[in-house]
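Contents: one structure, followed by commentary.
The values are calculated or read from the model by the stated rules, or taken from the named source; none is laboratory data. As the structure is a computational prediction, the values presented were derived from the model and not from experiment. Neighbour counts are summed over all protein chains in view; Cβ atoms, including those assigned to glycine, are modelled from backbone coordinates with ideal geometry.
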Amino acid sequence: MAGGQQLPEQYTVPQYARIFHSLPHLNVSLHSVNNTFNPHSEIYLESLGILGSIPAAWLIFTLLVLLVYLVTRCCDRRPRPKKSITALKCSLAILALLCSGAVAVGLYGNDDVHNGLVQLVAAAKNVDGILMGVRNQTDTIEATLKKKVQPQLTALGDEFDAPVSNKTMLGWLLAALNGMKQNTSIAVNRSFEIRKPLSGITLAGAIGMGEKIEQLRWPITMAVLSALLVLCVVLVVGVARHSRCVLITFSVFGLFAVIVSWLMASLYLATSVALGDLCVSPDGYLTRAVPSTLASEVLSYYTHCENTRTNPFTQRLRDAQRAVYNMRLNLNLVTRLAIDLFKDQQLQPKLSSLSTDVNTVDRLVSGLATLLDCKPLHKQYVLAAKSLCHLGLYGLSFMLIASLAAGLLFTVLVWVDSHTWIYIRKRRDYHQVDEQDPYLPPSAASQAIAARTLRGQGGGGVNGSGGGGDHKSSQHNQQSTGGRTEHRSGLGDQPGQYATLSKQCKTLESSDFY
């Protein structure tokens, strides 16, 4: 470049914005619609809703499949070999770690989105500050000219009505005074023409809304993703401890994780497509969004800031500068002629005050030229566009991928987890002993049966019945109890039979207890 002048940085469309922009935009009847970003169009919003409903539809299908699976598997109590359960636990641990990685990617993307939105808001504040500076400066110029310069010129005109001897010099004086009045009107009009296109542009409302949304979005997203991450950690701990309770708990909360993941994927997909449509042509959207008072060439000048483009305010600014310059020349002439014609000492303070106001206007108009230059405003525009489309959309893409991956992984985790905890019992089953084992103590049920048998034998003896078979069976049971005590009794009633049997039972119980 000649003179070492460097071209200002231009905005470039990122590739992922083109990818999202290329996704089909369909209406309810599955016909293609215009993919130009237009948040005020119901048809366009409908197409975004259809794209966002794809993950939601997959969520419904997933829940139905899981419901059918859980209904068919919840009653399956068949024992599984130890190796099979170990493989399921290893699969759960690996999938939980992968799911934790997916959630971590979502946290990374959320941080990028947050940084992008913070930079976007900061750039928007700078743009709004520049626009406000132009409006305030033009307001100050107009107020100074209307409320200070013009009244003083009128007062000087009244002073110059006094009779003088030199009519020629008086004519020159009045002509210079009228020239000041005309130049003052020109400066006021040009200042108004510069401010008028910018009067309806303010970003304060959008900035405030963006800050409020981000103040809610960022912590809520962090809390949800952190909860999903904690859920994965809890599952790993439950697998490591072989905890049936933890696995059952994960089956319940894992369903909520599946729902949350796919709902977030729906939201992120629709938002990513909308941002892709915006980032393909941000200046085109601004052209449609700004008030009609701002001409398209003015907006194009600031969004592109090319050397081939001329400042649309240049001519008005030059007219204002020329008018102020002529005011200074006329004021110098008026001052010199007035002092020569009128010997009034009160004119000098009035002329000095008028000169101070004209110098103030001259300084404000010169500063206005700096504010109207495209470079500061274009720099903030490029920074805002890159913050939203390069950093923000980049992070949102990671959040979308993480939500899709987390939805799939949580679905598999719930399936494998439900397949695992069914075969994990609450406590180990105790060994079922054979009540007829001669080397193990009799159970409480066996002792109760033996007691009833003895009572039956006692009743038979009293009534004179035989009961010999039952008594022999009792003898056999007593002999097979470990050979500790032997008892032989004959058939029928014998003295001391019940006392002997009672002592033998007590002896058996005490020896079995110890």
*State which residue pairs qualify: first residue free of Cβ contacts under 8 Å to residues at least 40 places away in the same chain and among the hydroxyl-bearing types (S, T, Y) and inside the stretch 292-314, second residue part of a helix (DSSP H, G or I) and surrounded by 13 or more Cβ atoms within 10 Å (Cβ to Cβ) in any location, beta carbons under 8 Å apart, and separation of 6 or more residues or different chains.*
S296/T287; S300/D283; S300/T287; T310/Y301
*asked:* I'm trying to understand the selection: among the residues of the stretch 137-169, which are loosely packed, with under 12 Cβ neighbours inside 10 Å and among the charged types (D, E, K, R)?
replied: K147, D158, D161, K167
*Inside the stretch 279-304, can you point out the residues that are of a type in the set (S, T, N, Q) and surrounded by fewer than 19 Cβ atoms within 10 Å (Cβ to Cβ)?*
S281, T287, S292, T293, S296, S300
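Here is a check on your reading of the model: is E193 under 18 Å from the mean Cα position of the chain (by Cα), of a type in the set (D, E) and closer than 30 Å to H378 by Cβ? Walk me through it before giving the result.
On the way: under 18 Å from the mean Cα position of the chain (by Cα): no; of a type in the set (D, E): yes; closer than 30 Å to H378 by Cβ: yes.
No: the conditions fail for E193.
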*Under 7 Å between Cβ atoms, at least 6 apart or on separate chains: pull out the pairs that start in the stretch 36-64 with a residue that is under 10 Å from A274 (Cα atoms) and end on any residue that is among the hydroxyl-bearing types (S, T, Y) and part of a helix (DSSP H, G or I).*
F37/Y285; N38/Y44
_Suppose the filter is among the hydrophobic types (A, V, I, L, M, F, W, C) and either in contact with a Pro (Cβ under 8 Å, 6 or more places away or on another chain) or surrounded by fewer than 16 Cβ atoms within 10 Å (Cβ to Cβ) (or both); does M180 pass it?_
no
*asked:* Of all residues being buried (at least 16 other Cβ atoms within 10 Å of the Cβ) and of a type in the set (D, E) in the stretch 324-371, which is nearest to K167 (Cα to Cα)? Just the residue, please.
replied: D357
*When both residues are 6+ apart or on different chains and their Cβ atoms are under 7 Å apart, which pairs have a first residue that lies in the stretch 133-159 and is within 18 Å of R190 (Cβ to Cβ) and touching a residue at least 24 places away in the same chain (Cβ under 8 Å), and a second that is surrounded by fewer than 17 Cβ atoms within 10 Å (Cβ to Cβ) and among the aromatic types (F, W, Y)?*
E142/F192
*Say we look at the stretch 1-30 and pick out the residues that are hydroxyl-bearing (S, T, Y) and surrounded by 15 or more Cβ atoms within 10 Å (Cβ to Cβ); which of these is modelled with the highest pLDDT?*
Y16
